[in-house]
Amino acid sequence: MDIIAITGIIAIVGLALGLLGIILKIKDIMNRPFKQDLARERGSVGRAVLFAFTLGMAPWEKESTRIHWIAYLRGIFFHIGIFMAFGVLLASPWLEALPSWLVWIGAAVTGFGAIFGFAGIFMRLAGPNERVLSLPDDYASVFLTSLFITLAFATLLRPALLPAFYVVTGIMGAYIPISKIRHCVYFFYSKFFFGKGFGHRGVIGQPKGKYAE
Amino acid sequence: MFNEKFTDERFNLTDEKAALAIDVLRQRLNRQLEASLEVCVRCGVCADSCHYYVSNPKPEHVPAYRAEQLRKVYRTLFDPVAGAAPGWVGAAELDQEMVEKLIMSAFGSCTMCGRCVINCPMGVDTRHIVRTARAMLTAIDMTPEGLKATVNVHLEEGNNMGVTEEDYVETVEWMEEELQAELGDPSCVIPFNKKNARIVYTFNPREIKYFPYLIQAAAKIFNAAGEDWTLSTESWDATNYGLFSGDDVAARQIASNLEKAVNHLGAETLVMAECGHGYRSQRWEAENWIGHRYPFKVMSFVELQAQYIKEGRLPLDPTRNQKRVTFHDPCNQARNGGIVDEPRYILRNTVMDFVEMEPHGVENYCCGGGGGMLSMTEFAGARKEAGKAKADQIAATGAEIVATSCHNCLDQLDEVKRHYKLKVKIQNLSELVANAIVWPTPPEVEIESPETDEEASQESK
């Protein structure tokens, strides 16, 4: 077996463990009771949930993201980098067949994603609040994910680095369910509940009411 | 640094208490709570959304830090790595030190106003986390004394200030007389226990004890609108401090007392006085505590006043309110209840010069008096300090009057005003509305009063 096959297995096993862990986490939360809301609706839950997952995430929509727009945009580019790195992973058996324009787009997105990822570690260390709030797992998670994006970037430019990319993918995959990276699962729940709760009360994502100016 | 006022023995954690608190956490762990406990990435952008942080920027005032105290306990129970490496994932046992941190963060520096929830990019519901922590502490008898007493008095006396039925009825009757005298209209009444009236109205006991003129204002509005309304003597307190203590059993009992009173009178709508948390409790939480839907509608007096104006039922003259007015949105009505346009609509129709404070509406800062803070004297200093964000907002408007529609806000704003030396008057919305009402000249009526006649005849002699 060559090095690519061995490291490919490491990646697959790591991701499979990660997927299994995520499934168990989803099973856990689905086994919890769901808090029904018996109060009469004041607004549309559907509109608010849609808002929570779309315009509600725009950087200008919340005061917090307007103030901390650098931190917010850093996070956005970091996560776009993560998605692109997974794209690189899926395309990895055919990297050499990819058109060069696609390789350059991928490299640009992952390159910036990696920079913004590592910048997250720096910002945690530099910010007094962030330093107090951050746990060792936060640093490890951001570092590992940033490394994953970095190696996606490097592999696009030098396909010989593919084994390293696979190894880091395997490690990160296995680490997902036991680390803060698992927020990727809970994000969808919390955003849904956010939209549902505030939409039910007519607080967010609603059309103008009859008393509006 | 634990508050030196918590020296009572009941604040000592025993093994039994720790087990009970953990049990409460396990019982209350639903999907919503688990999502909020798991999803935080500790980015810290929630910091500036908290009035405690804005007034005194320190890491302990960051909402994520507060929630993190309960998360540490949660991780010990549910995180797969916590057993092997608790420090790595920030897990901690529920010991004396942790209980003290929970008291300080859940009771001492959070009003559960929800501003951080609206501002969290991940959708973390810190209100829910903090209320869960309060529920755990209340279950082990570690609620701050004032809050505990407020709930207990309500359960024992039927209202949170222990007002007797006699005092309640006498105060209302006195206000009825005052209203009739003010308007020269004896047809203005404040009815008690009127069967099948359309509306049952409630009060905050503070109105009965300290602000009876607000009873008069409400009665003036109802009478001007020609409403079919009544008060109940069975249950009339709009407040429910079970919301703040996290005690769902007490909250359920208090809410169901009011439900029974409305059902006995056969009203179709329960109108909550201008009381932020009372509205939130009865309108949004109570049916979930009780476990069934009410057969009647619940609405805020603010909504009803806006409705009257929209329907042309209140003849208003805004020139009677000439001074510049700004409005403080009570968190439990605006952010946690969706009542944002109504007070503005009311003010546009009742005052000459309305100016918004910034930010306002859903993004308004908490005044610092929410979450039961006014009852917890242990944290009075921090509460006043946290009011700085509001004081700065008010000062920037140049307003002479700050209107609001919540009694806790009213009291806190009054303290903020004195503490930060603001030259403003704090008023309830209904006071401004009542003041703007143009009362029609009553028809000539002969008042038959034997006593008066007798007195008059004696005088003439």
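Points worth noting:
- Two-decimal Rg/Rh across the stretch B:268-312, once Rg and the Kirkwood Rh are taken from alpha-carbon atoms: 1.03
- Per-residue [θ]222 nm for chain A (sum of -39500 (n - 2.57) over DSSP H runs n ≥ 4, rounded to 500): -24000 deg cm²/dmol
- Area projected by the alpha carbon convex hull of the stretch B:159-211, averaged over all directions, nm²: 4.3 nm²
- Less than 5 angstrom separates the built amide H of B:K425 from those of B:I401, B:V402, all sequence-distant by 5 or more or on a different chain.
- Simple label model, 7 Å out from Cα along Cβ direction - B:N263 to B:M352, nm: 5.1 nm
- Shape call, the stretch A:1-51: gyration tensor on alpha carbons, a/c limit 1.5: oblate
- Within the stretch B:190-252, trypsin sites (Lys or Arg not before Pro) in DSSP loop having at most 12 other beta-carbon neighbours inside 10 Å: B:K195
- Each principal axis of the stretch B:230-283 carries a Cα extent, and these read 30, 22, 17 Å when sorted largest first.
- Percent of Cα pairs in chain B per distance bin of 20 Å, from zero to the largest separation: 24, 53, 20, 3, 0.
- Label point distance in nm, B:H292-B:D317, each placed 7 Å from Cα along Cα→Cβ: 5.0 nm
- Ascending count of other beta-carbon atoms within 10 Å, so fewest first, for B:V153, A:V168, B:V302: B:V153, A:V168, B:V302
- Where chymotrypsin sites (Phe, Trp or Tyr not before Pro) fall in DSSP loop in the stretch B:153-233, at most 15 other Cβ within 10 Å: B:Y210
- Cα shape, the stretch B:272-341, gyration tensor, a/c 1.5 rule: oblate
- Separation of the A:A16 and B:T233 label points, Cα + 7 Å toward Cβ, nm: 7.7 nm
- Each 20 Å bin from zero up to the one holding the largest Cα-Cα distance in the protein assembly as shown carries the following percent of pairs: 17, 46, 26, 9, 2, 0, 0.
- In degrees, nearest ten, helix A:162-175 long axis to first principal axis of chain A (Cα): 40 degrees
- Which of B:F6, B:F379 has the fewest Cβ neighbours within 10 Å, and the rest in rising order: B:F6, B:F379
- For the stretch B:9-142, the normalised intensity computed at q = 0.16, 0.17, 0.21, 0.22 Å⁻¹ comes to -0.78, -0.88, -1.30, -1.40 (log10 of I(q)/I(0), Debye sum over alpha carbons, equal scatterers, no solvent).
- The charge dipole of chain B, taken about the Cα centre with unit charges on the Cβ atoms of Lys, Arg (+1) and Asp, Glu (-1), comes to about 2320 debye, rounded to the nearest 20.
- Pairs of alpha carbons in the stretch B:155-310 whose separation is greater than 19 Å (percent): 51 percent
- From largest to smallest, the equivalent ellipsoid semi-axes obtained for chain A from the alpha-carbon gyration tensor read 36, 21, 18 Å.
- Intensity falloff of the stretch B:103-243 expressed as log10 I(q)/I(0), Debye formula with alpha-carbon point scatterers, at q = 0.09, 0.15, 0.17 Å⁻¹: -0.41, -0.84, -0.93
- Measuring against 32 Å, Cα to Cα, the residue pairs A:K25/A:K210; B:K220/B:K323; B:K17/B:K260; A:K180/B:K297 contain A:K25/A:K210; B:K17/B:K260; A:K180/B:K297 as the ones spanning a longer distance.
- Here B:K417 is the anchor, and the aspartates and glutamates within straight C-alpha reach of less than 16 Å, apart from those fewer than 8 places off in the same chain, are B:E385, B:D392, B:E400.
- Footprinting exposure proxy for B:I426, B:I254, A:I121 (fewest neighbouring C-beta atoms within 10 Å first): A:I121, B:I426, B:I254
- Gyration tensor (alpha-carbon) shape descriptor, the stretch B:64-141, a/c threshold 1.5: oblate
- Whole-number D in µm²/s for the stretch A:1-102 (Stokes-Einstein; Kirkwood sum over Cα pairs; 37 °C, 0.692 mPa s): 177 µm²/s
- For the protein assembly as shown, size of Cβ-based charge dipole, Lys and Arg +1, Asp and Glu -1, in debye: 3720 debye
Every number here is computed from the coordinates shown, using simple stated rules; none is lab data. None of the values given here were measured: they were computed from a predicted structure. No Cβ is skipped: glycine too gets one built from the backbone with ideal geometry, and neighbour counts run over all protein chains shown.
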